[in-house]
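Laboratory data are not the source of any read-out in this text; all were calculated from the coordinates shown. Computed from a predicted model, the values in this text were never measured in an experiment. Here the Cβ positions follow ideal geometry from the backbone for every residue, glycine too, while neighbour counts run over all protein chains shown.
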């Protein structure tokens, strides 16, 4: 463990040429499929953070190692038969490095695993917190609803997961009164009555359906449509939603004021 290095570049530059060449290919493969991952030094090794720790790699005297977590060792068992593995670790040599395609596959799988775990934690947290504040057992109805949302989010991949997850967090933050569940096959938010639900996802078009009748009395440039009992909000992506989060929260809270 090299605790002196501060950056991954420092770590790489300190390696012998042949080792550096092999690990640079590994590094490039990781960054190509996880461009948003934060590259850091952790435990003296190059590491990547993406919704938690993603993978580590390191050079040792007689081998190199990739540390993707034990779940990936199990998932990729057949493809890793030619390499020495242990709990969460894949060992390889300069003569027989890990194929770039396999590294990318492992990292992609790990990314999905991290995102699902992160979403589950975020979804369950308010349910458990509510029970703790009330000094009661977790409400079985709320727990079931949370589990349904976790299952829904686990099915989403790539950009769709990131976009939906970012917007659902904005909605949850708009009011502590809102509860989350799956309704009409999508994340939906309610307080005594239904307030807003995600519409069908399309790249470049995030749709929110405000279906409480009180929304027709709310004036906002975000609200579209002249339906007698609902309004629609479209965002091209999560960044646009973030820019409009205050107005989104205002719409939500204007509706909640009308719910007794």
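At a Förster distance of 30 Å, what's the computed FRET efficiency of residue 230 paired with residue 125, Cβ-Cβ distance as r, to 0.05?
After rounding, the FRET efficiency stands at 0.50.
Sort out for me the Cα centre separation of the stretch 51-78 from the stretch 185-260, rounded to whole Å.
Comparing the Cα centres of the stretch 51-78 and the stretch 185-260, I get a distance of 43 Å.
Roughly speaking, what is the stretch gain from residue 40 to residue 239, that is 0.36 nm per residue apart minus the C-alpha to C-alpha distance, in nm to one decimal?
Details: separation 199, 0.36 × 199 = 71.64 nm, distance 2.53 nm.
Difference between extended and current length: 69.1 nm.
Between residue 175 and residue 74, what is 0.36 nm times their sequence separation minus the Cα-Cα distance? Round to one decimal in nm.
Length gained, residue 175 through residue 74: 32.2 nm.
Compare the peptides 228-237, 108-117 by average per-residue count of other Cβ atoms within 10 angstrom and give them in order, highest first.
Put in order of decreasing packing, that is 108-117, 228-237.
Which FRET efficiency value, to the nearest 0.05, do you get for residue 254 and residue 185 by plugging their Cβ-Cβ distance into 1/(1 + (r/R0)^6) with R0 = 35 Å? Show your work: numbers first, answer last.
On the way: r = 27 Å, r/R0 = 0.76.
For residue 254 and residue 185, the calculated efficiency is 0.85.
Give the residues of the stretch 153-177 whose amide nitrogen is closer than 18 Å to a point set 7 Å from the Cα of residue 201 in the direction of its Cβ.
Under 18 Å, as judged by backbone N against the label point of residue 201, lie 153-172 of the stretch 153-177.
Relative contact order (percent) for the chain, with alpha-carbon contacts under 8 angstrom and 6 or more residues of separation?
In percent, rounded to a whole number, it is 11.
Calculated from DSSP H runs of 4 or more alone, at -39500 (n - 2.57) each and per residue, what is the 222 nm mean residue ellipticity of the chain, nearest 500?
About -14500 deg cm²/dmol.
Can you tell me the mean projection area, over all orientations, of the convex hull of the chain's alpha carbons? Units nm², please.
17.3 nm²
Mind pulling the per residue volume of the convex hull built on the Cα atoms of the stretch 8-107? Å³ is fine.
Normalising the Cα hull of the stretch 8-107 by residue number yields 96 Å³.
Please report 175, 42 as a ranked list, fewest other C-beta atoms within 10 angstrom at the top and most at the bottom.
The most exposed by this proxy come first: 42, 175.
Taking the chain as the reference, fit the longest principal axis to its C-alpha atoms, fit the long axis of helix 158-174 to the helix C-alpha atoms, and give the angle between the two in degrees, 0 to 90, nearest 10.
Once rounded, one gets 50 degrees.
Using alpha-carbon pairs under 8 Å, 6+ residues apart, how would you state the relative contact order of the stretch 8-107 in percent?
The value is 25 percent.
Taking the Cα atoms only, what angle lies between the long axis of helix 245-257 and the longest principal axis of the chain, rounded to 10 degrees?
It works out to around 40 degrees.
If one takes the longest principal axis of the Cα atoms in the chain, at what angle in degrees, from 0 to 90 and to the nearest 10, does the Cα axis of helix 17-33 lie?
In the chain, helix 17-33 runs at an angle near 10 degrees to the longest axis.
For the stretch 157-260, what is the Kirkwood estimate of the hydrodynamic radius, computed as the reciprocal of the mean inverse distance between distinct Cα atoms, to one decimal in Å? Could you put the intermediate results ahead of the total?
Details: mean 1/r = 0.0736 Å⁻¹.
It is 13.6 Å.
I need to check one value: relative contact order of the stretch 64-126, counting alpha carbon pairs closer than 8 Å and at least 6 residues apart, in percent.
Values: 47 pairs, mean separation 20.9, N = 63.
Relative contact order comes out at 33 percent.
Note down the nm distance, to one decimal, between modelled labels 7 Å out along Cα→Cβ at residue 108 and at residue 33.
Taking the simple label geometry, residue 108 and residue 33 are separated by 0.6 nm.
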